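Right, one structure below, let's go through it.
The values are calculated or read from the model by the stated rules, or taken from the named source; none is laboratory data. Note that the structure is predicted; figures quoted are calculated from it, not measured. Methodologically, a virtual Cβ is constructed for each residue, glycine included, from the backbone with ideal geometry; neighbour enumeration extends over all protein chains shown. Each accessible area value is taken on the protein alone, full model and side chains, heavy atoms only, with ligands, DNA and RNA left out. Shrake-Rupley method; radii C 1.70, N 1.55, O 1.52, S 1.80 Å.
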Amino acid sequence: MSKKIFLATGILVLVSCVFIYALRFSSNKGSGDDPKCNLTLSGKVICADDGQSLPGAILHIVTNQSAVSTDSSGNFVIGNLCPGKVELQISFIGYATLDTTLNLSGNKKSFFFLKSSSTHLHEVQVTGNAVKKQEVETVAKTELTGLELLKTRGIDLGDALKDISGVDVIHTGPTIAKPVIHGLHSNRVLILNNGVRQEGQQWGSEHAPEIDPFIATKLSVLKGAASIRYGSDAIGGVVMVEPQDMPKGKGMDGEINLVGMDNSRMETASGILQGGFDNGLSYRIQGTYRRAGDLQTPDYILDNTALLEKNYSAALGYNKEHYGVNVYYSHFYTELGVFTYSDASSPKELIALFAQPEPINFPLSYYENRPGGYYAINRGYQLVDHDLFKASGYLKYGSFGKLEATFARQTDSRQEYSLDPPYVGPGVNPDNVPENNFDLITHTAELVLEHNPWHNITGSIGSSFITQGNVYTGTSYAPVIPNFRNYGDGLFWIEKWNPNNKWTVEGGLRFDYKWQTEYRVNYTTSQDYTTTQQYNNATFSIGAIYRFSPKFSLNFNEGNGWRAPSIYELYAYGIHGATNTWEQGDSLLNVEKAYNSTASIRYESDELELELGAYANVINNYIYAKPSINSDGTPDFHTTIIGTFPVFQYIQTNALFKGIDLDAKWHISKHLLFEPKMTLVFANDLTNHDYLVLIPAQRFQNTLSYKWKQMGKLKNAFINVGSNIVLKQTRVPPNSDFVPPPDGYSLLSAGIGCSIPLGKRDLNISIQGNNLMNTVYRDYLDFFRYYAVEPGRSILLRLQIPFTIIKSNEGKN
């Protein structure tokens, strides 16, 4: 291990030296920019059939291998162009690709007309502002695509999003992560997996999304209430895991992703194969294998933090210009070890665990020689199987619009094995019996009618339906949650008005109804009985975008949302094996109602890209799990015959969340790029005139990159260094947690990578180093900070190998 770290550190030191030399060369020689390459091409992409603008069309500049997308009015601006010939490739889904060449001698404005066609090119992966018509456009949105997405390969979904401003991550140990948007997480953040709302046992912060990030060619985050389009639960935001559109035309290609990491000896392999035929039929198959051993901190190994994933998916589509049908199936399987040393037999012993500088630490030889070695997963652990089947279709009604229908079925099986085997009957091996076993079946359906533009107005009307049945089996005297059945319906209507190139105004209305029945047992009389709740609420959204110029715009959105209390928040009572805690719900909890306001300004030029956003979110009846503290200030523990556990109690209050997000890209020179990001979150308990617990601390990120679009035969070469500064969370109520918030910390990272031509495709390779100084720290949003520190230095090697078996004929008429 030490030799690998020494070698990796040496490589990164060499990278840093090259980086410093590049900086000195840049400062001595100037930017290196060609003063003649300062021309601008602007204009609009238009449908040749009806004269309507095409928002989200892709303009691929073949000359310098870059791309831009049109805004919501179909306008575009391309800067830093040189005089002479400029080759363009313009594409839009459902339209024939336009290849053209312009001869520039000065700034130019052009209009490009695309004709409808059943064939078109692959989507060019760029970070842009393309918005599907039925989405809420004025809610702040950030996307990860292309090389930015490639830098996240090999890590789970929650950690893949943490570099987005406004997004944090809540952890339960090093293997379980969930996204936090503007201070909100779990049931307040809706995750869409290939257009279907992800439904598992996501009611707790300790349950990671059952999604393989390798299926996505784009990860999108909507920051703010998006309940109008996506229904209740989306009061904090939406995470969209979006695969590439199905191939069009005849061809077959794919890619292989390989990722390795020294810390935990992680090894990941993922592959995809896709193709199509001239008759509109297309297919895709994908699979991922990921294995990691126990993670290591700067001083010791985190025992039983290994993981195993085996995932696969398949899709089949038949798509024509006016109709299409697609089916999709995915299977996600994971085993997650839960950090061992959080088990205590008495309150005194548990308090001692909180106070110890480090847990029990075994020598490396122990992990090397035990069965399974570093990759062994022992009790406690989680085992999850998640299956998703989706069928969707669309039909275009000529001049009227487009009708889309989607049906999905999900099954989620989760087994939680506690640290100590449960008490079972004779003849049964307790090691094979989970403490908690959940089986959830969900059916969802959606019907959306998207009407054609009318007097610069576009919009959609739709309905959604969901039903769930959950069965809990376990070994506890009382179940952690009761079995339940629920139904939900929703109707929505969204319209957008684009009167000119400066304004976009949108508004929407929605009504949702939810019915839920729980099947419970009276343990005094042993009689079964049921309880039923019914919830309904109307929501609205109104927003606008004003573009002062092609470079500068202002965005505003006002909306509300709501969320019914989850089954866990209502009825939890018992040991949660995933966290080794005792959790207790409250059956009298009321509906959460949120009122959200967001505003942002965006400036984009050749030298500077800047987006500054602010938000305020008032949530009445905000529900959260609070560490239970006695009146004398001592922690509250619950002791059973199998041990002592810290108590978390679900309570509610009126709360205010507010904050600021900053994203910027400063192109200091042709090669040098500086990217600062800032996430500030402030939360207040309005009822008790105090702060709230478990709110993200203030975070600042800075990345300095030196890039070459072309360096000999290498493409997109880069060297970067970065810092992640997290302040200590001081805005906490007194005596509100089992231990005080940990100190803030600062982490150093660095990376190097490039693209190597491989035939007509590019092989992408990169090395990334995290926590290079091997800093010892604890994160406030990690539930296992009570017992251990965070993982230490890690070096990741990523390799993406694309291949073509049959050359595509897409775009050919």
So for 143, 607, what's the accessible-area order with a 1.4 Å probe, most first?
607, 143
If each K or R counts +1 and each D or E counts -1, the residues other than residue 551 whose Cβ falls under 12 Å of its Cβ total -3
Over the alpha carbons of the stretch 597-732, what is the largest minus smallest coordinate on each principal axis, giving the biggest first in Å?
68, 39, 20
In the stretch 132-275, what is the volume of the convex hull around the alpha carbon atoms, normalised per residue and reported in Å³?
120 Å³
So, relative contact order of the chain in percent, Cα under 8 Å, 6 or more apart, is 11 percent
To the nearest 10 Å², what's residue 640's accessible area with a 1.4 Å probe?
40 Å²
Heavy atoms only, 1.4 Å probe, whole protein assembly: order 288, 775 by accessible area, highest first.
775, 288
If I take every Cα pair under 8 Å that is 6 or more residues apart in the stretch 223-331, average their sequence separation and divide by the length, what percent do I get for the relative contact order?
18 percent
Here the net charge surrounding residue 367, from other residues whose Cβ is less than 9 Å away from its Cβ (Lys, Arg +1; Asp, Glu -1), is -2
With DNA, RNA and ligands ignored, accessible area of residue 549 (1.4 Å probe; Å², nearest 10)
50 Å²
How much net charge surrounds residue 542 when only the other residues with a Cβ under 10 Å from the Cβ of residue 542 are counted, with Lys and Arg +1 and Asp and Glu -1?
-2
The pairs in 218/248; 178/514; 707/807 lying past 28 Å Cα-Cα in this model are 707/807
Taking the Cα centre of each part, how many Å lie between the stretch 364-397 and the stretch 226-300?
14 Å
Leaving out ligands and nucleic acids, and using a 1.4 Å probe, what accessible area per residue does the chain come to in Å²?
42 Å²
Computing the accessible area with a 1.4 Å probe over protein heavy atoms, can you report the carbon and sulfur percentage for the chain?
58 percent
Take the alpha-carbon centre of the stretch 664-700, take the same for the stretch 556-600, and report the distance between them in whole Å.
23 Å
Would you mind checking which residues have amide H under 5 Å from residue 95's amide H? H placed 1.01 Å from N; only 5 or more apart, or other chain.
117
Heavy-atom accessible area order for 464, 746, largest first, 1.4 Å probe
746, 464
What list of ³J(HN,Hα) values in whole Hz, one per residue of the stretch 787-801 in order, does the Karplus curve 6.51 cos²θ - 1.76 cosθ + 1.60 (θ = phi - 60°) give from phi, with Gly and Pro shown as x?
10, 7, 8, 7, x, x, 4, 9, 10, 10, 10, 10, 9, 10, 10
Cα gyration tensor of the stretch 345-391, axes a ≥ b ≥ c as square roots of the eigenvalues: rounded (a/c below 1.5), prolate (a/b > b/c) or oblate?
oblate
Between residue 170 and residues 5 or more places away or on another chain, which pairs have amide H atoms under 5 Å apart, with H built 1.01 Å from N, and which residues are they?
178, 180
Using only Cα atoms, find the angle between the long axis of helix 2-29 and the longest principal axis of the chain, and express it within 0 to 90 degrees, rounded to the nearest 10.
40 degrees
Taking every pair of Cα atoms in the stretch 459-536, average 1/r, invert it to obtain the Kirkwood radius, and report Rg/Rh to two decimals.
1.31
So what is the 222 nm mean residue ellipticity for the chain from helices alone, if each DSSP H run of at least 4 adds -39500 (n - 2.57) and you divide by all residues, rounding to the nearest 500 deg cm²/dmol?
-2000 deg cm²/dmol
Any chance you could look up the accessible area of residue 745 with a 1.4 Å probe, heavy atoms only, rounded to 10 Å²?
30 Å²
For the stretch 466-474, in residue order, the Karplus 3J(HN,Hα) values (coefficients 6.51, -1.76, 1.60; θ = phi - 60°; whole Hz; Gly and Pro = x) are 9, 9, 9, x, 10, 10, 10, 10, x
Projected-area average for the chain over all orientations - Cα convex hull basis, square nanometres:
34.5 nm²
Calc'd 3J(HN,Hα), the stretch 421-435, phi into Karplus 6.51 cos²θ - 1.76 cosθ + 1.60 (θ = phi - 60°), Hz, glycine/Pro = x, comes to x, x, 7, 10, x, x, x, 10, 7, x, 5, 9, 10, x, 6
